[in-house]
Amino acid sequence: MLVAIAGNSYTIQLKPSHLGWGDYRYTNTRDIIYGEGYIPLPKPYAKAFNIFNSNYSATGLGYNLFRASSVDGFLNNVTLLAQGSSTAGDIYAKQFSVHGNLKMIGAWYASQNATTNNLVRVTWTSPTDILLEII
């Protein structure tokens, strides 16, 4: 059922919440944690490429886990976790973070001096591998 194939991609504008998820939030469900960031995944792309979150019955490489590197070399073969949902119980993910490390994407953004003037390009090089680029 893997649908993401080499050449699939999307590009999205960065927003303050993507660049500073740990401190730029609309909820008080946890303490402020500086340095966190995530890569947004618009639902049309999640659906088109079958990118799921943990609500889906199958998980693992190619469903909600992907190997990723960045064009600049800061990220090198890290495991991205597709997570979150736009509505409770939805099976499609709404964002990527480094599995087990919410600060690594934030550190990548900082290393590239990323701002809301930048875009992120997410490109699949195989059904399980992703190349990331700040534009």
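None of S57, S70 is surrounded by fewer than 16 Cβ atoms within 10 Å (Cβ to Cβ) and either over 26 Å from P16 (Cβ atoms) or modelled with pLDDT of 95 or more (or both) except S57. A107: open to solvent by 30 Å² or more (accessible area, probe 1.4 Å) and either at pLDDT below 95 or closer than 20 Å to P16 by Cβ (or both), yes or no? Yes: the conditions hold for A107. Within region 95-105, can one find any residue that is touching a residue at least 24 places away in the same chain (Cβ under 8 Å), touching a Phe, Trp or Tyr at 6+ places or on another chain (Cβ under 7 Å) and closer than 18 Å to S57 by Cα? The answer is no, given that none of the residues of region 95-105 is touching a residue at least 24 places away in the same chain (Cβ under 8 Å), touching a Phe, Trp or Tyr at 6+ places or on another chain (Cβ under 7 Å) and closer than 18 Å to S57 by Cα. Taking residues in region 46-63 that are assigned to a helix (DSSP H, G or I), and partners anywhere that are open to solvent by less than 20 Å² (accessible area, probe 1.4 Å) and modelled with pLDDT of 90 or more, the pairs with Cβ atoms closer than 7 Å and at least 6 places apart or on different chains are A46/A93. When region 76-101 is filtered for residues that are among the β-branched types (V, I, T) and surrounded by 11 or more Cβ atoms within 10 Å (Cβ to Cβ), the ones remaining, listed by number, are V78, T79, I91, V98.
Report whether or not K43 is in contact with a Phe, Trp or Tyr (Cβ under 6 Å, 6 or more places away or on another chain), among the basic types (K, R), touching a residue at least 40 places away in the same chain (Cβ under 8 Å) and surrounded by 15 or more Cβ atoms within 10 Å (Cβ to Cβ). For K43, the condition - in contact with a Phe, Trp or Tyr (Cβ under 6 Å, 6 or more places away or on another chain), among the basic types (K, R), touching a residue at least 40 places away in the same chain (Cβ under 8 Å) and surrounded by 15 or more Cβ atoms within 10 Å (Cβ to Cβ) - is met. Among the residues of region 110-125, the ones that are surrounded by 15 or more Cβ atoms within 10 Å (Cβ to Cβ) and either assigned to a loop (DSSP other than H, G, I, E, B) or among the hydroxyl-bearing types (S, T, Y) (or both) come to 5 in all.
The values are calculated or read from the model by the stated rules, or taken from the named source; none is laboratory data. Since the model is a prediction, treat every value here as computed from it, not as a measurement. Reconstructed Cβ throughout: ideal geometry from the backbone, glycine too, with neighbour counts over all protein chains shown. The protein model used for the area step is the full one, side chains on, heavy atoms only, and it has no ligands, DNA or RNA in it. Shrake-Rupley method; radii C 1.70, N 1.55, O 1.52, S 1.80 Å.
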